Amino acid sequence: MDSVIGGIGIVFDLTAEFKAILNEILPHEEGQVNADSRALFTTEQDFVVASSQKIMRLVLCFF
């Protein structure tokens, strides 16, 4: 059989997923992320893709 008979697609909220991942890896005290802690996902060119802090702006969304 040489024809496509179906497909699967996965859709999720990248912003929420990245935030959850970044906050999970940070140190916590009494259930709260330490105030001094930060985490970033960046590209090889140092563009911020996701940040654990709202202050840091998203510069590049798609590659």
Check: Quick one: Phe12, Phe18, fewest Cβ neighbours within 10 Å first, how do they rank?
Finding: Phe12, Phe18
Next item on the list: Would you please give the residues with an amide H less than 5 Å from that of Val49, counting only those at least 5 places away or on a separate chain, with H modeled from the backbone geometry?
Entry: Phe41, Thr42, Thr43
Next item on the list: Multiply the residue gap between Lys19 and Arg38 by 0.36 nm, knock off their C-alpha separation, and tell me the result in nm, one decimal place.
Entry: 5.7 nm
Check: Tell me, what ³J(HN,Hα) does each residue in the range 38-48 have, in order and in whole Hz, if you take phi through Karplus 6.51 cos²θ - 1.76 cosθ + 1.60 with θ = phi - 60° and put x for Gly and Pro?
Finding: 9, 9, 9, 9, 10, 8, 5, 8, 6, 7, 7
Check: Over all Cα pairs of the range 1-46, how is the pair count split among 5 Å bins, expressed in % and running from 0 up to the last occupied bin?
Finding: 4, 15, 17, 15, 13, 9, 7, 7, 6, 3, 3, 1
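Readers should treat all values here as calculations from the given coordinates under stated rules, not as data from a laboratory. The model shown is predicted, which means the values in this text are computed figures rather than measured ones. FYI the Cβ positions are ideal-geometry reconstructions off the backbone, even for glycines, and counts take in every protein chain you see.
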